[in-house]
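Notes follow the structure.
The values are calculated or read from the model by the stated rules, or taken from the named source; none is laboratory data. On a predicted model such as this, the values are computed, not experimentally measured, just so you know. With ideal geometry, Cβ positions are generated from the backbone for all residues, glycine too; neighbour counts draw on all protein chains shown. To get the accessible areas, we keep the full protein, side chains included, count just its heavy atoms, and leave off ligands, DNA and RNA. Shrake-Rupley method; radii C 1.70, N 1.55, O 1.52, S 1.80 Å.
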There are 2 protein chains.
Amino acid sequence: MLPLPPVLDRLDRNLDHSVERLFGLLRIKSISTDPAYASECRRAAEWLVADLTSIGFDASVRDTPGHPMVVAHHDGPTPDAPHVLFYGHYDVQPVDPLELWESDPFDPALKDIGAGRKIITGRGSSDDKGQLMLFVEACRAYKEVHGKLPCKVSILFEGEEESGSASLKPFLEANAAELKADFAMVCDTSMWDRETPALCIGLRGLVGEEITVHAADRDLHSGEFGGAAANPIRILAKVLADMHDETGRVTIPGFYEGVEETPSQILKSWEALGETAESFLGEVGLSIPSGEKGRSVLELTWARPTCEFNGITGGYTGKGFKTVIASQASAKVSCRLVHKQDPQKIREALRAFVRERIPADCSVEFDEHGGSPAIQLSYDAPFLTKAKTALSDEWGKPAVMIAMGGSIPIVGDFQNYLGMESLLAGFALVDDRIHSPNEKYDLSSFHKGQRSWARILDALTR
Amino acid sequence: MLPLPPVLDRLDRNLDHSVERLFGLLRIKSISTDPAYASECRRAAEWLVADLTSIGFDASVRDTPGHPMVVAHHDGPTPDAPHVLFYGHYDVQPVDPLELWESDPFDPALKDIGAGRKIITGRGSSDDKGQLMLFVEACRAYKEVHGKLPCKVSILFEGEEESGSASLKPFLEANAAELKADFAMVCDTSMWDRETPALCIGLRGLVGEEITVHAADRDLHSGEFGGAAANPIRILAKVLADMHDETGRVTIPGFYEGVEETPSQILKSWEALGETAESFLGEVGLSIPSGEKGRSVLELTWARPTCEFNGITGGYTGKGFKTVIASQASAKVSCRLVHKQDPQKIREALRAFVRERIPADCSVEFDEHGGSPAIQLSYDAPFLTKAKTALSDEWGKPAVMIAMGGSIPIVGDFQNYLGMESLLAGFALVDDRIHSPNEKYDLSSFHKGQRSWARILDALTR
């Protein structure tokens, strides 16, 4: 057994240095969705390999057809110590609209926002560079204090999480023997609130699809052809408008196949968390749930499927006005899936629904953008109980079992390819503005998150 | 009387030079809708003033709060000669999407496209630089042959026709005495087909409006908030989809107020032109009329109002995918008006229709982009009869009386501010791709159009 208190003490004393290290990683513009930033993605991977190597990991950049993986291994103190695989991703979301950022998204800073609260600003500060560095810092402290880690630790950092993870499955398959551990630890999740740590037991799946409606073979003058020629924006608007009924329910036939009603005792435990439509949506300037009527916002975002429109474009979108009828219009649509919904069936149902609504003289084209089923973890895994105790010890409040609205496809992939369950613990906050301008990570998340992972590693050995 | 044949002969012999001059004007990137091209607009105005001055006009660039006007005057042969005001516009539409152009839109060229047909390529070659230069060339020939013009001629060239003509009305009001003539000649119209000249007696009006729906105060992660937070693209799609019923009729309350049924003899004369949905829409790869069922494409585009969506944008529209719920989405909408529809009432009805469909926790913002009523000219004006004869003489086929789907707001402004009717004659063809990539103007339009204006000037003196 490696005593925990000096490790926690080391993390406290080294906080400033750990922030500086995180800044180094945040300065790298590793936007995976835009090919222009490919070399920056590689640079982030190399940065991580260098850092992990410096604390004794056997770490390497592993090429893929897309952005590279980082894989690292470190022995445990004894051959029979638990073996965990820690997963995070070093890629980040695009930063547009850039003009809404209060400071350069790739020039991180520490800001005092009053009330004793400090934040780390920058793209990736929360999602996911800040979160993954927590674990690296916990390992560093163990190594500096004890010269060893309490468990055998493998690490997998991905560079395509924000762009569909095309290389991930082949990589897991090809390297299954190397990556298989007792279970995985995935750090992409959030606290319940600033005081309450959380473990996530449910994750929505995702089907992403781009729909492009083609009408005339060129852009037309709306005076000359308006009233006669098909308008692809009008067709697309009708298709999208038809996808929900007036109660907020998705109208695509077969969409709700595999969706289960959440047990009432679970719904009650979520009610007890005290979240209301006003509190949940008030954070972002809204107040009225847009989903199926009669369900709480937690149920809507944790246990109900959605069909959301993530982008739309067609015709003239510049300054001023252009009296044009466009030749095409397109929308990016994503469905969040729950329980046993089948991504492939949902994609086919969506496409059939769209095709039915395209006039005979027009056409539609689909581009697939990723798909993964939902995840429902078991409540009673031993590693979950141990981690719950560790988190409750650190935060002085019992950790809560929650679900999450976002997809973390890796959790399903670990199940499918490596036969591993995952522990999902993270320290992000709802106001971190991940995927939005002015992303941040609380300094307290960064500090107590490091301590939390140190405690979890310790708890797993007991 | 100034003999006509030597003028026509001069135009024939000088065709090559007139093409070169047009190229000079086409090379100027006078895109009025984009402020970045303001200096190019001024350069086009200066180019025209220099050219008009060179053939004896008293011409000047006249500043406005927007792009400048060109005003020029030339005496008639006698004080009692007719006085006409010729109107055109030197500004052009934006050129995006640039990648669809087969050659640089601002590097005009003469191309042989086979079957004895040559075309002039480039942005503005048809709309409206090519069309306005016809008249300048006709005047040049008169001056070179006879040293004088057959009528008193004033010229007004505008630089904001493609961007809402904000400066036009104040300019007409302020310079009414200088610009008032017996009638106006407006050159922004088309031939019926390549053999048949046309005079236009009806023009649709226009109401342009930009609708921006605001939801959350920032972009949101669609996993975290999807199913709970209002999605502005979904709201906007529903608003737009609601604007037409299944028969293609516009559903905005009060929209059809002031719309008259076209007299059956007029509809019959249009039927006699032999245009079908297949022939009209087949040109652009379509076949099914999108407007009100049971009406011909000519009635739909000439005598029925529309509500068209010219542009839409919201959320992530770049490459790849971003699982975001946008904070806002917007659409550019334009209504084509006919008969006695009131632009201001239509705008208000449109706004009320949209507002009713915005959830209580969201908001909507409107930006006005121009408005003008429809024009219905009298069939029996003497200048119309004379021009009809002149055109029939040039083309060897009777000129037809048609309507037009596009707006030419100047015609209403001439009525309102200068008390003048307008003669609408132009030589564009339906396949000129105005407002689209690869705009062109037939060399035969350019040649016989010059001769046509020379004949019209001559006919007016008889």
Subset tally (residues that are more than 19 Å from the chain's Cα centre (by Cα), assigned by TED's automatic domain parsing to the domain that holds A:Arg234 and within 15 Å of B:Glu224 (Cβ to Cβ)) for the range A:275-332: 0
Residues within the range B:226-244 that are at the interface with chain A (Cβ under 7 Å from one of its Cβ atoms) and either assigned to a loop (DSSP other than H, G, I, E, B) or at pLDDT below 95 (or both), tallied: 6
State yes or no: is A:Gly147 surrounded by fewer than 24 Cβ atoms within 10 Å (Cβ to Cβ), more than 30 Å from B:Ser407 (Cα to Cα) and within 11 Å of another protein chain (Cβ to nearest Cβ)? no
When the range A:294-319 is examined, which residues are found to be of a type in the set (A, V, I, L, M, F, W, C), closer than 30 Å to A:Met401 by Cβ and open to solvent by less than 20 Å² (accessible area, probe 1.4 Å)? A:Val297, A:Leu298, A:Leu300, A:Ala303, A:Cys307
Name the pairs whose Cβ atoms lie under 7 Å apart, with the first residue in the range B:153-173 and open to solvent by 20 Å² or more (accessible area, probe 1.4 Å), the second of a type in the set (Gly, Ala, Ser) and assigned to a helix (DSSP H, G or I), and 6 or more positions between them or separate chains? none
Could you please give the count of residues in the range B:41-56 that are open to solvent by less than 50 Å² (accessible area, probe 1.4 Å) and either aliphatic (A, V, I, L, M) or under 20 Å from the mean Cα position of the chain (by Cα) (or both)? 7
Please state which one of A:Ala59, A:Ala81, A:Ala72 is in the same structural domain as A:Met420 (by TED's automatic domain parsing), touching a residue at least 60 places away in the same chain (Cβ under 8 Å) and either assigned to a loop (DSSP other than H, G, I, E, B) or open to solvent by 50 Å² or more (accessible area, probe 1.4 Å) (or both). A:Ala81
Over the range A:426-441, the set of residues of a type in the set (A, V, I, L, M) and either crowded, with 22+ Cβ neighbours inside 10 Å or facing chain B (nearest Cβ under 9 Å) (or both) is A:Ala428, A:Val430, A:Ile434
Does B:Ser264 satisfy the criteria of being at pLDDT below 95, more than 26 Å from the chain's Cα centre (by Cα) and surrounded by 19 or more Cβ atoms within 10 Å (Cβ to Cβ)? no
Filter pass, B:Asp96 being in contact with a Phe, Trp or Tyr (Cβ under 9 Å, 6 or more places away or on another chain), in a loop (DSSP other than H, G, I, E, B) and without any contact (Cβ under 8 Å) to a residue 12 or more places away in the chain: yes
Contact list please: Cβ distance under 8 Å, first residue in the range A:264-279 and in a helix (DSSP H, G or I), second residue aromatic (Phe, Trp, Tyr), pairs at least six apart or on different chains. A:Trp270/A:Trp302
Selection from the range B:394-427 of residues that are farther than 21 Å from B:Leu179 by Cβ, among the aliphatic types (A, V, I, L, M) and under 11 Å from the mean Cα position of the chain (by Cα): B:Met404
Given the conditions (1) surrounded by fewer than 19 Cβ atoms within 10 Å (Cβ to Cβ); (2) among the charged types (D, E, K, R); (3) over 20 Å from B:Ala454 (Cβ atoms), which single one is not true for B:Asp127? (1)
Where the second residue is open to solvent by 20 Å² or more (accessible area, probe 1.4 Å) and not charged (D, E, K, R) and the first is closer than 22 Å to B:Asp193 by Cβ and lies in the range B:404-415, which pairs have Cβ atoms under 7 Å and are six or more apart or on separate chains? B:Met404/B:Trp302; B:Gly405/B:Trp302; B:Gly406/A:His221
Subset of the range A:284-311 [more than 7 Å from every other protein chain (Cβ to nearest Cβ), aromatic (Phe, Trp, Tyr) and in a strand (DSSP E or B)]: none
Looking for something facing chain A (nearest Cβ under 7 Å), out of contact with any Gly (no Cβ under 7 Å at 6 or more places or on another chain) and open to solvent by 50 Å² or more (accessible area, probe 1.4 Å) - is there at least one such residue anywhere in the range B:268-283? no
Scanning the range B:245-257 for residues that are open to solvent by less than 30 Å² (accessible area, probe 1.4 Å) and assigned to a loop (DSSP other than H, G, I, E, B) gives B:Gly248, B:Ile252, B:Phe255
Exclusive hit being crowded, with 22+ Cβ neighbours inside 10 Å, at the interface with chain B (Cβ under 7 Å from one of its Cβ atoms) and at pLDDT below 95, set A:Lys322, A:Lys332: A:Lys322
